[in-house]
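Okay, structure first, notes after.
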Amino acid sequence: VAQLGIPSAVISRSFQDLATQYGRTDVLANLIQQEAPFVNRNASVVTVFTGANDVNVITSALGKGAGSGNPTAFIDQMLNNFASDYTTLLADIRGRASSTKIIVLNVPNLAGLPYMASATLAQKQAAQRAAVRMTTSMNNV
């Protein structure tokens, strides 16, 4: 059993760069570059739980001015990027361990979690939109 999870990791370099661009210093890794290459070639099961940190990066970028002209378009573009990155992540895992069973965990609705209790309605709506769309895109791959 190998645990490859890295706390605060996001799915890809683009989300990691977005976090840095908007002042987040807590996103230290991404799954595509720092985790997928280390999947054991003989792994029989790989569990993927990603998206929550990406939602937090999106909402914090919004809070610092990203998408100010059209926040919904910004969110949707980030979600399209996430869907593409997710396809890449799964292909990378399958490329390393072709016979592995991949178990994917859905992204929870972060808007309902206690840490979002003091967030504005717009922040909660953005978090919910992102989480639901991420889960949908993961289930459609």
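The values are calculated or read from the model by the stated rules, or taken from the named source; none is laboratory data. Because the structure is a prediction, the values reported are computed rather than measured. Don't worry about glycine lacking a Cβ; one is built from the backbone with ideal geometry, like all the others, and counts go over all protein chains shown. Side chains are part of the model used for accessible areas, which takes the heavy atoms of the whole protein and leaves out ligands, DNA and RNA. Shrake-Rupley method; radii C 1.70, N 1.55, O 1.52, S 1.80 Å.
Could you check Ala111 against (1) in contact (Cβ under 8 Å) with a residue 40 or more places away in the chain; (2) within 20 Å of Ile11 (Cβ to Cβ) and say which number it fails?
(1)
Do we have any residue at all in segment 57-75 that's part of a loop (DSSP other than H, G, I, E, B), among the β-branched types (Val, Ile, Thr) and touching a helix residue (DSSP H, G or I) at 6+ places or on another chain (Cβ under 8 Å)?
No, segment 57-75 has no match at all.
So in segment 54-97, with the set limited to residues that are of a type in the set (D, E, K, R) and under 19 Å from Pro37 (Cα atoms), which one is most open to solvent (accessible area, probe 1.4 Å)?
Checking each candidate, the answer is Arg94.
So which residues in segment 76-97 are of a type outside the set (Asp, Glu), in a helix (DSSP H, G or I) and without any contact (Cβ under 8 Å) to a residue 60 or more places away in the chain?
The answer is Gln77, Leu79, Asn80, Ala83, Ser84, Thr87, Leu90, Ala91, Ile93, Arg94, Gly95.
Go through segment 24-53 and give me each residue that's of a type in the set (Gly, Ala, Ser) and open to solvent by 50 Å² or more (accessible area, probe 1.4 Å).
Here is the first cut: in segment 24-53, the ones of a type in the set (Gly, Ala, Ser) are 29, 36, 43-44, 51-52.
Passing the criteria: only Ser44.
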